[in-house]
Amino acid sequence: MKNEQFDYLVINKKIDNQMMENKQESYFSSSEIDELSQQKSVAKIGKIVSNQFAIEASNIGDISFSSQLFFEAIPDEFLDVQPKEFQWQEGQKTIPILLSQDFLNLYNFGFALSQGLPQLSEETVTALSFDVLINRDISLRAEVVGFTKRYTSIVVPMSFMQYANQHFGGENIRSTSRIVLQTQEPDNPDLVKYINEKHYETQSDKTKGGKIKYMLNLIFLCCELLGIFILSLCVFLIILFLKIKILESKEQLKLLSLLGYDAKSLQHFFLKPMLIYFALAIFISLICTQIFTTFLFQFFKPFLLDVSKYISGYVIGEGVLILLFIYLILF
């Protein structure tokens with residue numbers, strides 16, 4: 001079933017020479033999976049379970065052929081399609097399969113065209129079934145019940161994979177070499193950095209926006225710091241102007257003092273309007289910043305970049321702190 005709120009990344013380790021000599025190194029350990037699940041942008045993690053037994057496929061319809069295959073099982077909540085036929089119970093002789101859309105496209109536009117073979121539609125493929133021989137002993141029937149665009153694999157129900165691995169599998173491997181991440185931000189810079197640092201591999205088309213987003217955030221941060229510097233400079237200039245104004249009004253202040261006005265009253269008389277002007281200036285600045293942020297959100301929306309629609313609470317907090325700082329200086 002589709003969940004439009006999330007995107008999904010399939011993660012595996014990058015194969016190096018050491019892993020070629022020891023295939024156990026290509027599996028994720030429990031600590032590695034736990035560490036991945038603790039990444040802020042990761043909502044859930046699903047383990048992709050592979051077959052631990054030999055699979056041989058043959059005889060599609062009236063066509064005689066034989067080929068080695070592999071199966072994988074993925075938790076239902078991570079699937080993009082889940083037809084009602086995609087379920088299996090012990091004793092069932094037919095295995096429902098979700099076939100990768102990429103596999104069908106490779107056949108139709110690569111193999112079939114070059115070899116002069118007929119191209120196949122999804123309806124044609126789902127109407128066909130083929131024999132599956134497990135460990136050259138157990139004979140079952142398999143049929144394609146749907147196509148997945150999310151996974152480049154041959155997906156079978158988890159119930160079948162668990163049963164088959166338990167009864168027909170050789171090695172009892174409880175770990176997994178591929179996992180799927182459920183995330184709202186597949187191009188999150190921190191997540192992309194973590195994946196690269198751990199030498200993991202995933203779909204580059206879903207993470208390529210991470211560097212762009214990182215650069216944009218860096219630019220926005222620089223602009224924000226520059227804005228704070230300019231605002232602070234303006235505040236000090238205004239305070240300097242205010243001090244000069246007070247010096248120019250020195251005689252008037254003396255006269256008001258002789259008339260009975262105390263120092264606190266004179267301070268409020270001169271400085272209270274200035275504080276109001278400062279507050280109004282900061283408020284107008286925040287409004288302009290919000291308008292600019294909304295413009296950026298609309299501008300980057302077609303590029304699927306995650307730019308906030310609202311100004312950060314930090315910016316509002318900075319405005320309040322600046323106003324408080326001015327108040328402490330003036331009063």
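On the beta carbon distance between Ser121 and Leu218, with R0 = 56 Å, the FRET formula returns roughly 0.70. Report relative contact order for the chain in percent, whole number only (criteria: Cα-Cα under 8 Å, sequence separation at least 6). Worked out over the chain, it gives 22 percent.
Stretch Leu286-Leu128 to full length: gain in nm at 0.36 nm per residue minus the Cα-Cα span?
On the way: separation 158, 0.36 × 158 = 56.88 nm, distance 6.34 nm.
Difference between extended and current length: 50.5 nm.
Which pairs in the list Lys198/Lys309; Lys149/Lys198; Lys47/Lys309; Lys13/Lys44; Lys47/Lys149; Lys44/Lys93 are over 23 Å apart, alpha-carbon to alpha-carbon? Pairs exceeding the cut-off: Lys198/Lys309; Lys149/Lys198; Lys47/Lys309; Lys44/Lys93. The listed peptides 190-203, 311-324, ordered by packing as a protection proxy, come out as 190-203, 311-324 (highest mean of other Cβ atoms within 10 Å first).
What's the FRET efficiency of Leu324 with Phe297 using the Cβ-Cβ distance as r and R₀ = 30 Å, to the nearest 0.05? After rounding, the FRET efficiency stands at 0.55.
Among the listed values (1) 135; (2) 203; (3) 164, the one computed from these coordinates for volume of the Cα convex hull per residue in Å³ is (2).
Kindly provide the helix-only [θ] at 222 nm of the chain, computed as the sum of -39,500 (n - 2.57) over DSSP H runs of four or more divided by all residues, to the nearest 500 deg cm²/dmol? Walk me through the intermediate numbers first.
On the way: 12 runs with 158 residues, N = 331.
Result for the chain, helices only: -15000 deg cm²/dmol.
Annotation for Asp262 and Leu275: the two label points, set 7 Å from Cα along the Cα-Cβ direction, are 1.6 nm apart. Packing here is the average count of other Cβ atoms within 10 Å per residue, and on that basis the peptides 218-227, 112-121, highest first, run 218-227, 112-121.
With the simple model of a label 7 Å out from the Cα in the direction of the Cβ, Phe168 to Tyr314 spans 5.5 nm. Contact order for region 58-193, expressed relative to its length and based on alpha carbon pairs under 8 Å spaced 6+ residues apart, stands at 34 percent.
Just so you know, all these numbers are worked out from the coordinates, no wet-lab data involved. Predicted model only: the values in this text are computed from it and were never measured. Cβ atoms come from the backbone with ideal geometry, glycine included; neighbour counts cover every protein chain shown.
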